[in-house]
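What follows is a single structure, written as structure tokens, with notes after it.
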Amino acid sequence: MNIDQLEILLAVAEQGSFSEAALSLSISQSAVSRAIAALEDELGIPLLLRGRFGARPTLIGERVMLHASKILELREKIDHEVNLEKGLHRGKIRVASFRSAATHILPSKVAQFRSRFPNIEITITETDPLGIEQSLRTGQVDIGLLPLPRAEEFETWEITRDEYVVLLPTSAGQIPEILSWEQLSTYSFILFNYAECTSAVREHWSKWGQSLKVAYQIKEDSTIVSMVAQGLGAAILPRLAALPIPPQVQVRALPVPLERVIGAALWSNSLHVPAVFAFLDVLRGTGVFSK
């Protein structure tokens, strides 16, 4: 067994359901289910009763949780001593990110980090990838969230992948879930005038021998979504950039999948305090500082 499994067990018992426990821990419900199943399999006994009422501990589960609580209390004391030694009890982390990652990725990661290190201040700046790179070089920020790959002067780690999707107005009628190139060729597109996304879409079309009819080039993703909703054309956007998607817009898959890799970057020539690496650990979802 491990600390994470015990923490998840206590969260399920406290919240009364796997889904609520997942929300409280900022992890997926499937991760909660796997952790509980692995723990029960290792111990060879059921720790939770599942049913329409949710989830509640068995009699042996209640006794196990008493010991689990003590283990987690000791873990917190160990963390406290280690954090004092590493300087993680105070400080500041400066993060720069492009808009969709700042909107849909950072908030939960910052909340998770602050729950463990409440005295470390985190500032977030929104700008484009080139601005993020420059801020990293000049030491204005510690960590950048931006599409990968980047130049070798940056150390980078993948955080997540974001698929490109086709946005079409509902007025276009019934459309297959996955469009063919022939069907796409009938639309004029509102193109995202955002260097890396624009080139990725154009290169994808060219790679598969297709021509792209462009009606408009717009820099703001929210403007593009609104224009699609008004029936002014179709669009290809990374899914995170398209959110929130209004009811007047339908989302479809490309004939051949295209995705962007979102990563965290540090400038290789900089020296960083331990808090920066602790936050990077949370962003990556790995290591002793992640859940």
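The values are calculated or read from the model by the stated rules, or taken from the named source; none is laboratory data. For clarity, every value in this text was computed on a predicted model and none was experimentally measured. Positions of Cβ are backbone-derived with ideal geometry, glycine not excepted, and every protein chain shown enters the neighbour counts. The protein model used for the area step is the full one, side chains on, heavy atoms only, and it has no ligands, DNA or RNA in it. Shrake-Rupley method; radii C 1.70, N 1.55, O 1.52, S 1.80 Å.
Of the candidates L212, L167, the single residue that is buried (at least 19 other Cβ atoms within 10 Å of the Cβ) and either in a loop (DSSP other than H, G, I, E, B) or of a type outside the set (D, E) (or both) is L167.
Against the conditions (1) buried (at least 16 other Cβ atoms within 10 Å of the Cβ); (2) touching an Asp or Glu at 6+ places or on another chain (Cβ under 7 Å), I218 satisfies every one except (2).
Yes/no per residue for (1) under 30 Å from the mean Cα position of the chain (by Cα); (2) open to solvent by 90 Å² or more (accessible area, probe 1.4 Å); (3) under 22 Å from A111 (Cβ atoms); (4) modelled with pLDDT of 95 or more:
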site: S24; (1), (2), (3), (4): yes, no, yes, no
site: R50; (1), (2), (3), (4): yes, yes, no, no
site: G61; (1), (2), (3), (4): no, no, no, no
site: K77; (1), (2), (3), (4): yes, yes, no, no
site: L84; (1), (2), (3), (4): yes, no, no, no
site: L88; (1), (2), (3), (4): yes, no, yes, no
site: G91; (1), (2), (3), (4): yes, no, yes, no
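Have a look at A68, A35, A55, A96 and point out the one that is without any contact (Cβ under 8 Å) to a residue 40 or more places away in the chain and of a type in the set (A, V, I, L, M, F, W, C). When all the criteria are applied, what remains is A35.
Suppose the filter is free of Cβ contacts under 8 Å to residues at least 60 places away in the same chain and either crowded, with 17+ Cβ neighbours inside 10 Å or within 28 Å of the chain's Cα centre (by Cα) (or both); does E203 pass it? Judged against the criteria, E203 is a match. Restricting the first member to region 265-286 and to residues that are open to solvent by 40 Å² or more (accessible area, probe 1.4 Å), and the second to residues that are part of a helix (DSSP H, G or I), the beta-carbon pairs closer than 8 Å and six or more apart or on different chains are W267/L136; W267/R137; P274/K86. With the structure loaded, tell me whether T123 is out of contact with any helix residue (DSSP H, G or I) (no Cβ under 9 Å at 6 or more places or on another chain), open to solvent by less than 50 Å² (accessible area, probe 1.4 Å), within 27 Å of L271 (Cβ to Cβ) and assigned to a strand (DSSP E or B) or whether it fails that test. So T123 passes the test. Residues satisfying the criterion are present in region 151-173 (criterion: farther than 27 Å from S108 by Cβ, touching a residue at least 60 places away in the same chain (Cβ under 8 Å) and touching a Ser or Thr at 6+ places or on another chain (Cβ under 7 Å)).
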